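Trainee: Pasting a structure below so you can have a look.
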């Protein structure tokens, strides 16, 4: 036995990411780690690799209790991680990256390093050249470099964090082949993935995490796909979020055969006034990309976007805002708010023209707008002068919404509106969305929190690898959504993104 | 930095070098006074100070940092060294004092950026003022004059038919090149500038190597300060103002990236000489010194634009 984790806990501030993580991995075994977004898989693996320290539980390595304070500690004992986003120095060569941080002496003999790397690459028949610069490699190539790094460290446990999410099919096959080789050499492999359909052939054991706790562990062969999905999503829906029934009006937002390279292909959808349409899918399915395209951030290659039946040319967020579209972005802090500025400046940011005369801002009018929205959206703030960054997550979200309401937006794109905010604030954000719908706004909502999406949305569109794979009416189950999101059969376009470069 | 590969040379990579040759040839034809021993020696002497500072700056920029305080450090190093000479210390000791004084401030810069985790632009903007202020306080604003005549050899002397500073420059350039390309310190500098997270996760002592790089940069600046003092035969507390921008410009013209991870010694040397030739050539051609500044500014933007275009294509 290589690794045994028991009752691992991890908290980030008030948020519990892991409350009971259990995992046992043996040598010569490929262990799949499954779970929904936010179930705690990545947190658990970061603890194993020494990137995070657990708050509780026992961590045994080859029968001995261990505690890592740095990634290098884990590496020294033979645990290595292939990261989703590669942790390589792009300006250095493949060889230098493989041996980075482990140079023996003050003098670096480049030729020797290259020769050692070349030998390693040769041995495993990897399609790599030791002298290539890393920034020229494809995502798959970069992963190979990380794998080489792990092997050269003499690692006995290798963790892959969703390695195939950015790879093409051919590259994925390549990675699987490597995984099988590693397994045959007696290494333990932990494999985090959403793409179970492809992994039945490699996976020996499977462990499912849900809400920060291990809920199931068994040999892969003993589990049907249906059972697995049930383990992943099987929780009670909380009845926190109610919708006011609204009769949908005219189609406000209409998208026709939209293609946005490299990911989105032929997306068509309609959102009516008073409707909240949920957009479900796994990380990397293209939901955020779709929002960005509608908001004019990413250029569309073909297809049409219509607002109230009129075709729009959306070449920038400026165009989109003028057309009445609002984006409440996933990354509030970075792209949604001027966090260092007062609430008042944020609420008026998109609509300064309305409170300006002859190019001068009428501060009194601007303040009236702010006070009005603070009251209307129940933003809990000390004063309109408080810095937006100092508000709680839920209240920050309301300021972003206020910014677009002030501008008079009619189409709202919510990208993960409840990420990182507590349950009470979530309910309030949903109340605001409900009210927007009642007033006739058309809302497209991206969320990885399926239970929430199922409750708040009038219908749900599911995306996978850049295409819409289905539409579900209100009352759909999580299993139905997951099936469309993760296990859709016809997927000729599967993740071609990233195969370039 | 590209490993030296067969076929690793491409035309655009050679562009700064080609520009230098063209500039050199052009000036040789355009003015009779250019290709004379006196003039070329003077170009070398004028460029050497900026060049030696730029070598240190190359390391710092490769490691993802920047040092705006080098102009002040140059004055501080020069002042300390000349004060030692004034007290009757031998020249070797004086020069060593200048180098150590510069190294001290480089060390402080590195310490502040890594310990306080403040952006090096801000840290060194601060030390730019602090070091200049201290230099002026220590000297009471007055230059050090009482220096042995033989000290002028450092900046003005001739050895083997060429200015002595050229030898110093070549030794420093060779040392920095070897340090960057063939030692752990240099390779870590590239790794840290290229992706600090990757460097940290690879178990590299990032703070130690960052501080070392700033300290070496400071030491080279201290040496440059002594050369400057030798050329002026005074320890000037006001020396070196604006030199930081010239040093950064030399690195950037030579292909260094302010985002870190890229830069070469040869590139920096070429960058510094391009600027030196432009200013010397303008003088010889009678171009107004006002216009010279504008020309050099335009060349900086042009050089970086060309380099960015090259990078975007690959």
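The values are calculated or read from the model by the stated rules, or taken from the named source; none is laboratory data. Computed from a prediction, not measured in an experiment: that's the story for all the values here. Backbone-built Cβ (ideal geometry, glycine too); neighbour counts: all protein chains shown.
Trainee: Looking only at the stretch A:261-275, count how many residues are in contact with a strand residue (DSSP E or B) (Cβ under 8 Å, 6 or more places away or on another chain) and under 22 Å from residue A:317 (Cβ atoms).
Mentor: Total satisfying the criteria: 4.
Trainee: Read through the list (1) assigned to a helix (DSSP H, G or I); (2) away from chain A (no Cβ under 14 Å); (3) farther than 30 Å from residue B:38 by Cβ; (4) free of Cβ contacts under 8 Å to residues at least 40 places away in the same chain, then give the number of the only condition that residue B:117 fails.
Mentor: Failed condition: (1).
Trainee: Need the failing condition index for residue A:60 against (1) within 12 Å of another protein chain (Cβ to nearest Cβ); (2) touching a strand residue (DSSP E or B) at 6+ places or on another chain (Cβ under 6 Å); (3) surrounded by 15 or more Cβ atoms within 10 Å (Cβ to Cβ), just the number.
Mentor: Against the list (1) within 12 Å of another protein chain (Cβ to nearest Cβ); (2) touching a strand residue (DSSP E or B) at 6+ places or on another chain (Cβ under 6 Å); (3) surrounded by 15 or more Cβ atoms within 10 Å (Cβ to Cβ), residue A:60 comes up short only on (1).
Trainee: Run down A:409, A:381 and say which single residue is touching a helix residue (DSSP H, G or I) at 6+ places or on another chain (Cβ under 8 Å), farther than 18 Å from residue A:329 by Cα and assigned to a loop (DSSP other than H, G, I, E, B). Reasoning before the result, please.
Mentor: Values: A:409 fails: farther than 18 Å from residue A:329 by Cα.
Result of the check over A:409, A:381: A:381.
Trainee: When the stretch B:91-107 is examined, which residues are found to be touching a residue at least 24 places away in the same chain (Cβ under 8 Å) and crowded, with 17+ Cβ neighbours inside 10 Å?
Mentor: Within the stretch B:91-107, B:91, B:94, B:95, B:98, B:99, B:101, B:102, B:103, B:104, B:105, B:106, B:107 meet the criteria.
Trainee: Same structure again: Could you tell me how many of the residues in the stretch A:363-382 are more than 14 Å from residue A:400 (Cα to Cα) and modelled with pLDDT of 85 or more?
Mentor: So the answer is 9.
Trainee: Looking at the structure I just gave you, is residue A:116 away from chain B (no Cβ under 12 Å), under 24 Å from residue A:181 (Cα atoms) and without any contact (Cβ under 8 Å) to a residue 12 or more places away in the chain?
Mentor: Working: away from chain B (no Cβ under 12 Å): yes; under 24 Å from residue A:181 (Cα atoms): yes; without any contact (Cβ under 8 Å) to a residue 12 or more places away in the chain: no.
No.
Trainee: Do the conditions hold for residue B:61, that is, is it at pLDDT 95 or above, within 14 Å of chain A (Cβ to nearest Cβ) and within 30 Å of residue B:117 (Cβ to Cβ)?
Mentor: Working: at pLDDT 95 or above: yes; within 14 Å of chain A (Cβ to nearest Cβ): yes; within 30 Å of residue B:117 (Cβ to Cβ): yes.
Yes; evaluated as a whole, the condition is true for this residue.
Trainee: Within the stretch A:104-113, track down each residue that is in a loop (DSSP other than H, G, I, E, B) and either at pLDDT 90 or above or within 7 Å of chain B (Cβ to nearest Cβ) (or both). Full working, then the answer.
Mentor: Step one: filter the stretch A:104-113 for residues in a loop (DSSP other than H, G, I, E, B), giving A:104-106, A:108-109.
The answer is A:106, A:108.
Trainee: Quick one: is residue B:216 part of a loop (DSSP other than H, G, I, E, B), buried (at least 18 other Cβ atoms within 10 Å of the Cβ) and on the phi < 0 side of the Ramachandran plot?
Mentor: Considered against the rule, which asks whether it is part of a loop (DSSP other than H, G, I, E, B), buried (at least 18 other Cβ atoms within 10 Å of the Cβ) and on the phi < 0 side of the Ramachandran plot, residue B:216 comes out as no.
Trainee: Then there is this: Filter the stretch A:33-72 for residues that are assigned to a strand (DSSP E or B) and closer than 24 Å to residue A:200 by Cα; which is nearest to the chain's Cα centre (by Cα)? First the steps, then the outcome.
Mentor: In the first step, residues of the stretch A:33-72 are kept if they are assigned to a strand (DSSP E or B); the result is A:33-34, A:56-61, A:64-65.
Next, from what is left, pick out any that are closer than 24 Å to residue A:200 by Cα: A:33-34.
Values: A:33: 17, A:34: 15 Å.
Here the residue is A:34.
Trainee: If you don't mind, another one. Please state which of the following conditions residue B:191 fails to meet, knowing it meets all the rest: (1) under 19 Å from residue B:113 (Cα atoms); (2) more than 7 Å from every other protein chain (Cβ to nearest Cβ).
Mentor: In the conditions (1) under 19 Å from residue B:113 (Cα atoms); (2) more than 7 Å from every other protein chain (Cβ to nearest Cβ), residue B:191 misses (2) alone.
Trainee: For the stretch A:1-17, what are the residues that are out of contact with any strand residue (DSSP E or B) (no Cβ under 6 Å at 6 or more places or on another chain) and under 30 Å from residue A:186 (Cα atoms)?
Mentor: Across the stretch A:1-17, the qualifying residue is only A:1.
Table: residues versus (1) at pLDDT below 90; (2) within 29 Å of residue B:99 (Cα to Cα).
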| residue | (1), (2) |
| --- | --- |
| B:234 | no, yes |
| B:238 | no, yes |
| B:252 | no, yes |
| B:281 | no, no |
| B:304 | yes, no |
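Trainee: Would you check which residues across the stretch A:142-156 are in a helix (DSSP H, G or I) and more than 16 Å from residue A:125 (Cβ to Cβ) and list them?
Mentor: Once the filter is applied, which keeps residues that are in a helix (DSSP H, G or I) and more than 16 Å from residue A:125 (Cβ to Cβ), the stretch A:142-156 yields A:142, A:146, A:149, A:150.
Trainee: Looking for something modelled with pLDDT of 95 or more and within 14 Å of chain A (Cβ to nearest Cβ) - is there at least one such residue anywhere in the stretch B:161-175?
Mentor: yes
Trainee: Taking the stretch A:93-103 as the search range and keeping residues that are in contact with a helix residue (DSSP H, G or I) (Cβ under 7 Å, 6 or more places away or on another chain) and in a loop (DSSP other than H, G, I, E, B), which one is surrounded by the most Cβ atoms within 10 Å (Cβ to Cβ)?
Mentor: A:100
Trainee: Any residue at all in the stretch A:157-166 that is surrounded by fewer than 23 Cβ atoms within 10 Å (Cβ to Cβ), more than 14 Å from every other protein chain (Cβ to nearest Cβ), touching a helix residue (DSSP H, G or I) at 6+ places or on another chain (Cβ under 7 Å) and closer than 23 Å to residue A:283 by Cα?
Mentor: Yes, the stretch A:157-166 contains at least one residue that is surrounded by fewer than 23 Cβ atoms within 10 Å (Cβ to Cβ), more than 14 Å from every other protein chain (Cβ to nearest Cβ), touching a helix residue (DSSP H, G or I) at 6+ places or on another chain (Cβ under 7 Å) and closer than 23 Å to residue A:283 by Cα.
Trainee: If I filter the stretch A:77-92 for residues that are modelled with pLDDT of 85 or more, part of a helix (DSSP H, G or I) and within 12 Å of another protein chain (Cβ to nearest Cβ), do I get at least one hit?
Mentor: No, the conditions are met nowhere in the stretch A:77-92.
Trainee: Which of the residues belonging to the stretch B:183-204 are surrounded by fewer than 17 Cβ atoms within 10 Å (Cβ to Cβ) and at pLDDT 90 or above?
Mentor: B:183
Trainee: So in the stretch A:284-307, with the set limited to residues that are out of contact with any strand residue (DSSP E or B) (no Cβ under 6 Å at 6 or more places or on another chain) and free of Cβ contacts under 8 Å to residues at least 60 places away in the same chain, which one is surrounded by the fewest Cβ atoms within 10 Å (Cβ to Cβ)?
Mentor: Looking at the filtered set, the residue picked out is A:299.
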